[in-house]
Amino acid sequence: SQQGEEDPQALSIQEGENATMNCSYKTSINNLQWYRQNSGRGLVHLILIRSNEREKHSGRLRVTLDTSKKSSSLLITASRAADTASYFCATVRLSGNTPLVFGKGTRLSVIA
Amino acid sequence: DAGVIQSPRHEVTEMGQEVTLRCKPISGHNSLFWYRQTMMRGLELLIYFNNNVPIDDSGMPEDRFSAKMPNASFSTLKIQPSEPRDSAVYFCASRDGTTNEKLFFGSGTQLSVL
């Protein structure tokens, strides 16, 4: 299985601090994606990084990808209480229209 | 577009009953996925379709589960007979398969089997 595994499982920080979540995977990928899930809701796509990219930014989000280590990190800068949610990484295999395989997520709590 | 639409939002049923979950993907998306989410196992892929054809159903737990996609705008996931261990949140998601990129998720169906 190439299931991604997020680390840590849970993270609690103060508002204004940065939050870093990590993801490891097992096989070669086409791209890696991060999703967010608010309690009781579906997952929402945040950002996609391709296998030939090393870093990508979107607003307060910064994603890095190290294909040699088969790992990625998601950094949320200047966190807000509204960032409280679960964050999942998902990978897409190299070839074909293949499904995303998700990890179990990191539960982020941002305390105001 | 209204996004991926799932129904019902909540379903409570008794063990042994048939349960049917429904999904309408985003118009124009040709790939559809059914996932199940539990605390213990996380988000598991059950089955996915490309152009209405089931591609991989290896994630379907057992023969009690079946899924269909009769046309590009509708899919069902059926559990017959249901068991308490089937209690979970079931998500449908769709994607433009030509881009192999992001998934759009529905709000899920919270299933409780008593």
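In Å², rounded to the nearest 100, what is the total accessible surface buried by chains A and B against each other with a 1.4 Å probe? Rounded to the nearest hundred, the buried surface is 1700 Å².
A drop of at least 40 square angstrom in accessible area, chain alone versus all protein chains together, probe 1.4 Å. Which residues of region A:68-110 meet that? Correct list: A:ASN97, A:PRO99, A:LEU100, A:PHE102, A:LYS104. Determine, from the Cβ-Cβ distance of B:SER7 and A:SER68 and an R0 of 41 Å, the FRET efficiency 1/(1 + (r/R0)^6), rounded to the nearest 0.05. The computed FRET efficiency comes out at 0.35.
For A:LYS69, the lysines whose Cα falls under 27 Å of its own Cα, not counting residues fewer than eight places away in the same chain, are A:LYS26, A:LYS56, A:LYS104, B:LYS102. Accessible surface of the protein assembly as shown, 1.4 Å probe: 48 percent of it comes from carbon and sulfur atoms.
Per-residue shielding of B:86-96, expressed as the average number of other chain Cβ atoms within 10 Å of the residue Cβ, stands at 2.
Per residue, the accessible area of region A:1-91 comes to 47 Å², computed with a 1.4 Å probe over protein heavy atoms only.
For the residues of B:9-16, the average number of beta carbons from a partner chain within 10 Å of their own beta carbon is 0. Note on B:37-43: average number of Cβ atoms from other chains within 10 Å of each residue's Cβ is 4. Looking at region B:1-82, the trypsin sites (Lys or Arg not before Pro) that sit in a DSSP loop and have at most 13 other Cβ atoms within 10 Å of their own Cβ are B:ARG9, B:ARG41. Longest stretch of chain B clear of exposed loop sites (GluC sites (Glu not before Pro), DSSP loop, at most 13 other Cβ atoms within 10 Å, sites excluded): B:63-114.
The residues of region B:9-64 expose on average 55 square angstrom of accessible surface per residue, using a 1.4 Å probe on protein heavy atoms.
If R0 equals 30 Å, the separation of the Cβ atoms of B:ASN30 and A:ARG41 corresponds to a calculated FRET efficiency of about 0.75.
State log₁₀ I(q)/I(0) for chain B at q = 0.09, 0.10, 0.19, 0.20 Å⁻¹ as given by the Debye formula over alpha-carbon point scatterers of equal weight, solvent excluded. Rounded to two decimals, the profile gives -0.21, -0.26, -0.94, -1.04. Multiplying each eigenvalue of the alpha-carbon gyration tensor of the protein assembly as shown by 5 and taking the square root yields semi-axes of 30, 21, 15 Å, largest first, rounded to whole angstroms.
The values are calculated or read from the model by the stated rules, or taken from the named source; none is laboratory data. Everything numeric here is computed off the predicted structure, so don't read it as measured data. Reconstructed Cβ throughout: ideal geometry from the backbone, glycine too, with neighbour counts over all protein chains shown. Side chains included, ligands, DNA and RNA excluded: accessible areas come from the protein's heavy atoms. Shrake-Rupley method; radii C 1.70, N 1.55, O 1.52, S 1.80 Å.
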